[in-house]
Amino acid sequence: MKQLVRASYILCLLFTVGCASTGAKSPEDKRQAVLAMKNEVLNDLYQHKPGAQAHVENAPGYAVFSNANINVVLASFGGGYGVAHDNGTGAYTYMKMGEVGVGPGFGVKDFRIIFVFNTEGSMSRFIKYGWNIGVQADAAAKAGDKGAALGGEATIENTTVYQLTESGLALQATIKGTKFWKDEDLNQPSFTPAN
């Protein structure tokens with residue numbers, strides 16, 4: 001039974017990672033599509049949380065990902081793509097992501113995730129080794145003197161994580177069973193992005 005579950009896990013992960021793509025054909029087109037997604041997601045974040053712009057711009061670096069998550073009864077699978085940016089050097093590292101989780105639910109959820117690296121060490125570890133996160137991160141903060149809670153933000157290992165959904169900033173920043181790694185096809189040394 002365990003082997004069947006593992007095989008299903010691997011097949012679903014490969015399927016969803018393959019489905020979650022930029023839709024572009026050439027590596028150049030894919031890189032441009034990833035950079036366009038990055039700009040759109042950052043603009044959305046700044047609209048919903050204006051203070052985040054200074055945080056992103058003054059940090060050693062950041063990463064932005066777009067993900068499609070499919071929930072089927074007691075399991076969820078997802079895959080996506082993104083880019084990490086070193087604010088000091090201006091270098092981009094193109095990456096992929098995949099996730100598998102267990103829990104009740106049914107449907108498809110699209111979300112975007114922004115990592116803001118608060119130290120150079122957290123950024124370099126993320127780019128070099130990726131992340132394999134097996135816990136759920138939740139955080140909420142008070143909004144002014146009203147006492148309302150703003151969600152969608154968490155801090156893990158010197159990295160602030162923001163999560164956006166179609167309706168805006170998520171109620172919680174959730175990263176569970178998620179692996180991030182370099183996209184070897186898109187990280188060619190001869191490419192210099194326009195933006």
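Inspect the stretch 144-159 for any residue being buried (at least 20 other Cβ atoms within 10 Å of the Cβ), modelled with pLDDT under 90 and part of a loop (DSSP other than H, G, I, E, B) and give the result as yes or no. Yes, there is a match, as at least one residue in the stretch 144-159 is buried (at least 20 other Cβ atoms within 10 Å of the Cβ), modelled with pLDDT under 90 and part of a loop (DSSP other than H, G, I, E, B). For the stretch 63-74, the count of residues that are surrounded by 21 or more Cβ atoms within 10 Å (Cβ to Cβ) and at pLDDT 95 or above is nonzero. The number of residues in the stretch 41-62 being among the acidic types (Asp, Glu) and at pLDDT 95 or above comes to 1. What number of residues within the stretch 102-129 satisfy the criterion of being modelled with pLDDT of 60 or more and either surrounded by fewer than 16 Cβ atoms within 10 Å (Cβ to Cβ) or hydrophobic (A, V, I, L, M, F, W, C) (or both)? So the count comes out to 17.
The values are calculated or read from the model by the stated rules, or taken from the named source; none is laboratory data. These figures come from a predicted structure and were not determined experimentally. In this analysis, Cβ positions are derived from the backbone assuming ideal geometry, glycine residues included, and neighbour counts consider all displayed protein chains.
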